[in-house]
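Q: Before we start, here is the structure in question, set down as structure tokens.
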Amino acid sequence: MQTVWLSGAEWLAVLRIGLGLWWLESWRHKDKKGWFERGTGIAWAADVADKHRWTFVKAGFHLVVAPRPKTMAYIVVYAELALGLGLVLGFLTPVALIGGLLLNLLYLVLMIHDWAEQGQNAMMALISLVALLALSWQTWSLDAALGLFL
């Protein structure tokens, strides 16, 4: 497909890179000292889970996240960094797209009552799905340069 400025494959790469920059911004603006030393991020999520309208969210949070808050803080923060770098560089892109889609869906379920957050998570999940199904790593990526995921 040819468009006015870039090819269809190049526009998909732009979409993938833009999503990666979005993840990097999510990582950049986090108060890492608060997340890692004071546990603010996980404490906030625990408060959201405790008030959640779906009981399985509260139960799942207390089963998986609450017993290991420091580990989960590092996982969340560095997952966002890894997703961003993977998508911008186009390295292990399908893995990053699936990981990002799953993380956005987790955020979406956790914050189901917060409409301000829903738009961002829904759009990021949609972009991940489109980029994954359209094989967006075939252009401008380390995956393409290395012959991965052909």
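The values are calculated or read from the model by the stated rules, or taken from the named source; none is laboratory data. Just so you know, these numbers come straight off a predicted model, no measurement behind them. As a convention, Cβ positions derive from the backbone with ideal geometry for all residues, glycine included, and neighbour counts pool all protein chains shown. Quick note on the areas: whole protein, heavy atoms, side chains included, nothing else; ligands and nucleic acids left out. Shrake-Rupley method; radii C 1.70, N 1.55, O 1.52, S 1.80 Å.
Q: Of the residues SER128, SER136, which is in contact with a Lys or Arg (Cβ under 6 Å, 6 or more places away or on another chain) and under 28 Å from ALA9 (Cβ atoms)?
A: Going through SER128, SER136 in turn, the sole match is SER136.
Q: Exactly one condition in (1) in contact (Cβ under 8 Å) with a residue 40 or more places away in the chain; (2) open to solvent by less than 30 Å² (accessible area, probe 1.4 Å) is false for GLU10; which is it?
A: Going through (1) in contact (Cβ under 8 Å) with a residue 40 or more places away in the chain; (2) open to solvent by less than 30 Å² (accessible area, probe 1.4 Å) one by one, GLU10 breaks only (2).
Q: Here's another thing I want to ask about it. With (1) open to solvent by 50 Å² or more (accessible area, probe 1.4 Å); (2) in a helix (DSSP H, G or I); (3) over 14 Å from TRP27 (Cα atoms); (4) touching a Leu at 6+ places or on another chain (Cβ under 8 Å) as the list, and PHE91 as the residue in question, which single condition is left unmet?
A: (2)
Q: For region 128-150, enumerate the residues that are in contact with a helix residue (DSSP H, G or I) (Cβ under 7 Å, 6 or more places away or on another chain), within 16 Å of GLY99 (Cβ to Cβ) and open to solvent by 80 Å² or more (accessible area, probe 1.4 Å).
A: Correct list: PHE149 only.
Q: Quickly run through region 1-33 and pick out the residues that are closer than 15 Å to MET72 by Cα, under 20 Å from the mean Cα position of the chain (by Cα) and in a helix (DSSP H, G or I).
A: TRP27, LYS32, listed by residue number.
Q: Looking for whichever is at pLDDT below 95 and of a type in the set (Val, Ile, Thr) here; the options are VAL95, VAL109, VAL65. Which one fits?
A: Working: VAL95 fails: at pLDDT below 95; VAL65 fails: at pLDDT below 95.
Answer to the check: VAL109.
Q: Taking the criterion of being without any contact (Cβ under 8 Å) to a residue 40 or more places away in the chain, within 20 Å of the chain's Cα centre (by Cα) and open to solvent by 60 Å² or more (accessible area, probe 1.4 Å), would at least one residue in region 51-63 satisfy it?
A: No; the residues of region 51-63 include none that is without any contact (Cβ under 8 Å) to a residue 40 or more places away in the chain, within 20 Å of the chain's Cα centre (by Cα) and open to solvent by 60 Å² or more (accessible area, probe 1.4 Å).
Q: Exactly one condition in (1) at pLDDT below 95; (2) surrounded by 16 or more Cβ atoms within 10 Å (Cβ to Cβ) is false for GLU80; which is it?
A: GLU80 satisfies every listed condition except (1).
Q: Moving on to the next point. Return the only residue of ALA13, ALA73, ALA49 being modelled with pLDDT under 95 and touching a Phe, Trp or Tyr at 6+ places or on another chain (Cβ under 7 Å).
A: ALA49
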